[in-house]
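> Take a look at this one; I'll ask things after.
The values are calculated or read from the model by the stated rules, or taken from the named source; none is laboratory data. Quick caveat, the model's predicted, so the values are computed rather than measured. Note that we place each Cβ from the backbone using ideal geometry, even for glycine, and neighbour counts take in every protein chain shown.
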Amino acid sequence: KFYACRFCHNDNEDHELNRYNVTTIQCIKCEKIQPFSLTCCNCNQRFGEQICYKCKLITGMTPDSKPIYHCDGCKMCNVGIAELNIHCDKCDGCFDKRYFQEHQCGMLGEQCMVCMGDLKKSIYPSLVLDCSHSLHFHCYETMLKSQNYQCPMCKKLMLNNEMKDEFNQDLDEVYQKMIPLDFLDQFCLCLCYECNQKFVTYQHPNQLYNCSKCQSFNCDMIKDADCNEFQKQLQLFPNQRLPKLPTQENITSILEKQYKISIEEILQKLNIEFNELTLTLFPAIVENLPEKIEDLKMFFWNDTEEFEEFEEVG
Ligand SMILES: [Zn+2]
Ligand SMILES: [Zn+2]
Ligand SMILES: [Zn+2]
Ligand SMILES: [Zn+2]
Ligand SMILES: [Zn+2]
Ligand SMILES: [Zn+2]
Ligand SMILES: [Zn+2]
Ligand SMILES: [Zn+2]
């Protein structure tokens, strides 16, 4: 009996088709019965794009079918191109050649951590990351395309060294934009996913934190921290890369623009030297600052109405 494919066979028979036992096919056009092949020996009708005599498989019958190659190691046909993939006997799976050399041999997991599909019996090549977590190669490419660079298991970057440098450089550009004045006394404790270092730094409007040990931006804030914790941090890591802080000129122009009052007037009211005001806005550098900052905030960051009241009273 003849069927269009093994699924049609299985739907109509009480047993599953063992496709390795298929020896003959019948041409759909001229109905000639002949040995398993890609084109009809009688009318030259093509049955598909690719044929595997070992698996008795013909593919390419639908426009969206992907290329396949037979791997003797996997004992089956995989999706992909033979020249781009290589079989590892120890891992019992096929890998993309570009990542084969550095693949963590013997660490191939059972399950893809992205789609939860089987890795060893899969028709798709796999990838073992530096962190030793594994996934399908096409699942990896899909994640990169959607700009998802962290390993779903351990959050380490799934990038090679060159790509990691690029990742950090891109974020450094954003990091180097000046932080707003009201972030100057906001600190937080962070964790670096690359080296597991914990560190205290300024909070950042773009949630960017630079590891004090390995300089990676693959970090997250854990919780708020205070000025004293930040001072301790700076003693341990005096060269820590901080976000761009406002200069004296920046602060002056921001205050003048925001409150339409000249810096001289502000200084007069506060009765302090310019340098002291500047330093006061950098709480980590001056001792006993939290209270002073609160005073200044009362003055500068209240809404305009209250500010005018203050002005009249003062
Ligand atoms: Zn069918
Ligand atoms: Zn034919
Ligand atoms: Zn293989
Ligand atoms: Zn095959
Ligand atoms: Zn291997
Ligand atoms: Zn997958
Ligand atoms: Zn991982
Ligand atoms: Zn780090």
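> Going through the range 75-102 one residue at a time, which ones are under 21 Å from K145 (Cβ atoms) and more than 16 Å from ligand 6 (Cβ to nearest atom)?
Across the range 75-102, the qualifying residues are I81, L84, K97, R98.
> Sort out which residues of the range 22-37 are closer than 13 Å to Y53 by Cβ and not in a strand (DSSP E or B), and write them in order of number.
If the condition is that a residue be closer than 13 Å to Y53 by Cβ and not in a strand (DSSP E or B), then V22, T23, F36, S37 are the ones that fit.
> Let me ask something additional. How about the range 102-121: which of its residues are without any contact (Cβ under 8 Å) to a residue 24 or more places away in the chain, within 21 Å of the chain's Cα centre (by Cα) and part of a loop (DSSP other than H, G, I, E, B)?
Step one: filter the range 102-121 for residues without any contact (Cβ under 8 Å) to a residue 24 or more places away in the chain, giving 105-106, 110-111, 116-118, 121.
Next, only the ones that are within 21 Å of the chain's Cα centre (by Cα) stay: 111, 116-117.
Those that are without any contact (Cβ under 8 Å) to a residue 24 or more places away in the chain, within 21 Å of the chain's Cα centre (by Cα) and part of a loop (DSSP other than H, G, I, E, B): M116, G117.
> Scan the range 228-248 for residues that are aromatic (F, W, Y) and part of a loop (DSSP other than H, G, I, E, B) and jot them down.
Here is the first cut: in the range 228-248, the ones aromatic (F, W, Y) are 230, 237.
Correct list: F237 only.
> What residue, among those in the range 136-181 that are assigned to a helix (DSSP H, G or I) and aromatic (F, W, Y), is farthest from C115 (Cα to Cα)?
Y175
> A further question follows. Scanning the range 191-224 for residues that are over 20 Å from Q147 (Cβ atoms) and either in contact (Cβ under 8 Å) with a residue 40 or more places away in the chain or of a type in the set (D, E, K, R) (or both), which turns out surrounded by the most Cβ atoms within 10 Å (Cβ to Cβ)?
Top of the filtered list is T201.
> Can Y124 be described as surrounded by 16 or more Cβ atoms within 10 Å (Cβ to Cβ), in a helix (DSSP H, G or I) and away from ligand 2 (no atom under 16 Å from the Cβ)?
When the stated conditions are applied, Y124 does not pass them.
> Those residues that are surrounded by 17 or more Cβ atoms within 10 Å (Cβ to Cβ) and either of a type in the set (D, E) or modelled with pLDDT of 90 or more (or both), I need them from the range 95-112; list them, please.
D96, C112 - these are the residues of the range 95-112 that are surrounded by 17 or more Cβ atoms within 10 Å (Cβ to Cβ) and either of a type in the set (D, E) or modelled with pLDDT of 90 or more (or both).
> Starting from residues that are within 16 Å of ligand 2 (Cβ to nearest atom) and exposed (fewer than 13 other Cβ atoms within 10 Å of the Cβ), keep the ones in the range 3-28 and report whichever is nearest to I58 (Cα to Cα).
So, considering only residues that are within 16 Å of ligand 2 (Cβ to nearest atom) and exposed (fewer than 13 other Cβ atoms within 10 Å of the Cβ), the one nearest to I58 (Cα to Cα) is A4.
> Just name the residue that is surrounded by the most Cβ atoms within 10 Å (Cβ to Cβ) out of those in the range 61-94 that are within 14 Å of ligand 4 (Cβ to nearest atom) and small (G, A, S).
Once the filter is applied, the top-ranked residue is G80.
> Being surrounded by 11 or more Cβ atoms within 10 Å (Cβ to Cβ) and either over 29 Å from G93 (Cα atoms) or within 16 Å of ligand 1 (Cβ to nearest atom) (or both) is the requirement here; does E49 meet it?
no
> Where the second residue is at pLDDT 95 or above and the first is of a type in the set (D, E) and lies in the range 163-183, which pairs have Cβ atoms under 9 Å and are six or more apart or on separate chains?
Once the first residue is of a type in the set (D, E) and sits in the range 163-183, its partners that are at pLDDT 95 or above give D170/F217; D172/L208; D172/N210; D172/F217.
> Please tell me if L38 is among the aliphatic types (A, V, I, L, M) and within 16 Å of ligand 6 (Cβ to nearest atom). If you could, list the steps in order and put the result at the bottom.
Details: among the aliphatic types (A, V, I, L, M): yes; within 16 Å of ligand 6 (Cβ to nearest atom): no.
So L38 does not fit the description; no.
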